Amino acid sequence: MSLDASAVAHIAHLARLGIDESAVPDYARNLSEIIDFVEQLSGVDTGDVEPLAHPLEMGQRLRPDEVSETDQRERFQAIAPATEAGLYLVPRVIE
Amino acid sequence: MEWEPVIGLEIHAQLATRTKIFSGASTAYGAEPNTQACAVDLGLPGVLPVLNEQAVRFAVRLGLALDAEVAGRSVFARKNYFYPDLPKGYQISQYELPVVGTGHLDIDLEDGTTKRIGVTRAHLEEDAGKSLHEGFEAMTGIDLNRAGTPLLEIVSEPDLRSAKEAVAYMKKLHSLVRYLGICDGNMQEGSFRCDANVSVRPKGESGFGTRAELKNLNSFRFVERAINHEIERQIELIEDGGEVVQETRLYDADKNETRSMRTKEEANDYRYFPDPDLLPLEVTRSLIEEIRGELPELPDAKKARFEADYGLPAYDAGVLTASRELADYYEATVTAADGEAKLAANWVMGELSGALNKAGLDITDSPVSAADLGGLLCRINDETISGKIAKDVFEAMWNGEGDADTVIESKGLKQVTDTGAIEAMVDEAIAANPTQLEQYRAGKTKLLGFFVGQVMKASGGKANPQQVNEILRRKLDG
């Protein structure tokens, strides 16, 4: 499997990573090599193997539906870059 | 060419748990911004999600009610995208293995037939926060109180063929989640939200056309209008030689139009993968059976019972079982009215529903209790009052003037059934109207109504109408 420059740009955009144009060929080669390395797994016959969703072979523990968290807004907002009227402020997003 | 719309709905039902799906923060609506957003909801480093048992039980309830497969093992996955109201950069959802599999819901169509609509799946996920774009200079305000609220996303098969069918399905599901007590169904507060996938194809064809996804359909009326509008837009586009683009469109209720939001990202752009913070969810057979045992009587079963036990027409049974609260009220009324089922149906659907609508009240806020309404119906039934006077008594009860007996007593509305007293009033009416008497006896028998009116007026509406009729006829003819 070989990733081209546009695939690298697309992946970088999805991950919101700014990458230097000149570094794209290196990323493309490195990522392709990683995919090829993992690709070896496709050669293994897994017909008898049950799919594994988690390495711990246990079920999820459940929590009773009872309020256990108190309001700590002031503490959380003390470390936020900007707040106003109880809201976290972020650079304007318009759809 | 004749076109056939193909519609599938994705409905997000906010589950009526006390706390969030993965944290112990409260889900109560309307709190001050960010006072119910804890470290887990904010996605602070080092926190771990712990699944809410009640959210799981609610999902299983719906699965059983849809006659669906409840998965013994399901998996939570991360859906990755960036938006400021999603602090972790991913939404915890379910992808390949949802908790509820294939099921179905039967809807009633306008022609009286029923249609079975397939349900593809229902999965658990967390809600995002809210973005407030107005009122900040070049900034957006974020309230994360809603972040982490449990949602059940219920996906239908593309089995719906008109906007009306889509609304019927949505209403049925709305009624069902409220019967089950898993969602309050409050659409203004966003507890029950709908996206619609709409496409058109030439009638008779079995393949699907390209679909557009409509968002922001937050009332039954908007769903119908937005879908109809979108169907027309697509047909016009195709007939003009254009092509439908797969995209998300936002419905604007003020302009009654849909407009493109963004070209819909391909599903694999979300880069779903199993969430390593959560183990697979296991739902045992015994838990499923325990939850099955807790299910209330569901709308279809209740409707059938109302028809069979109370002898109600299908329409009445449908109206009275539309919500569990209305059905409960009706049944309590029938009991209090000594089993007068049809009379109770007429009053609950007529006088009471009319008054509630006018006042903008829910059945649970009715100023007249079911016991008191039943009491009123008893007085009609034992002829203490006529049906006409009963409406006045009802109005007084609505205004808080006491139960039926109190109102009848205090206003002196008890029906006059004493033959002697009615005879005296009849004699008086005849004596006072000699001209009409002469005309009546000359063959103009329609004047009976005039005399009945005179007697009823003299009695203040309280004379038993049947007796008045009988006595009048005997005296006039005599």
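The values are calculated or read from the model by the stated rules, or taken from the named source; none is laboratory data. Predicted, not measured: the structure shown is a model, and the values here were computed from it. Glycine also receives a Cβ, built like all others from the backbone with ideal geometry; neighbour counts cover every protein chain displayed. Please note that ligands, DNA and RNA were not included when accessible areas were found on the heavy atoms of the full protein model with its side chains. Shrake-Rupley method; radii C 1.70, N 1.55, O 1.52, S 1.80 Å.
Looking across the range B:4-30, just one residue is at pLDDT below 95 and not small (G, A, S), and that is B:Y29. The set of residues in the range B:67-87 that are touching a Lys or Arg at 6+ places or on another chain (Cβ under 9 Å), in a loop (DSSP other than H, G, I, E, B) and buried (at least 19 other Cβ atoms within 10 Å of the Cβ) comprises B:A68, B:D85.
In the range B:267-294, the residues that are within 10 Å of chain A (Cβ to nearest Cβ) form Cβ pairs under 6 Å with partners that are hydroxyl-bearing (S, T, Y) and surrounded by 16 or more Cβ atoms within 10 Å (Cβ to Cβ), at six or more places apart or across chains, as follows: B:L281/B:S74.
Scan the range B:457-466 residue by residue and report those that are in a helix (DSSP H, G or I) and over 43 Å from the mean Cα position of the chain (by Cα).
We begin by selecting, within the range B:457-466, every residue in a helix (DSSP H, G or I); these are B:457-458, B:465-466.
Answer for the range B:457-466, where residues must be in a helix (DSSP H, G or I) and over 43 Å from the mean Cα position of the chain (by Cα): B:K457, B:A458.
The criterion of being within 29 Å of B:V223 (Cα to Cα) and modelled with pLDDT of 95 or more does not hold for B:L42.
Of the strands (runs of 3 or more DSSP E) contained entirely in the range B:93-148, those carrying at least 3 residues that are under 28 Å from the mean Cα position of the chain (by Cα) and in the same structural domain as B:S26 (by TED's automatic domain parsing) fall at B:103-108, B:114-126. When A:P25, A:P55, A:P91 are checked against the criterion of being over 24 Å from B:K88 (Cβ atoms) and at pLDDT below 95, a single residue qualifies: A:P25.
For the range A:62-90, the set of residues classified as within 26 Å of the chain's Cα centre (by Cα) and surrounded by fewer than 10 Cβ atoms within 10 Å (Cβ to Cβ) consists of A:I79, A:P81, listed by residue number. Annotation note: of B:A322, B:A317, the sole residue that is assigned to a helix (DSSP H, G or I) and in the same structural domain as B:A371 (by TED's automatic domain parsing) is B:A317. On the given criteria, is B:K446 among the basic types (K, R) and free of Cβ contacts under 8 Å to residues at least 40 places away in the same chain? Here the answer is yes, as B:K446 does meet what is asked.
Quick check: is even one residue across the range B:97-120 under 30 Å from A:L89 (Cα atoms) and open to solvent by less than 10 Å² (accessible area, probe 1.4 Å)? No - not one qualifying residue is present in the range B:97-120. Which of the residues that make up the range B:260-272 are open to solvent by 80 Å² or more (accessible area, probe 1.4 Å) and modelled with pLDDT of 85 or more? Within the range B:260-272, just B:R271 meets the criteria.
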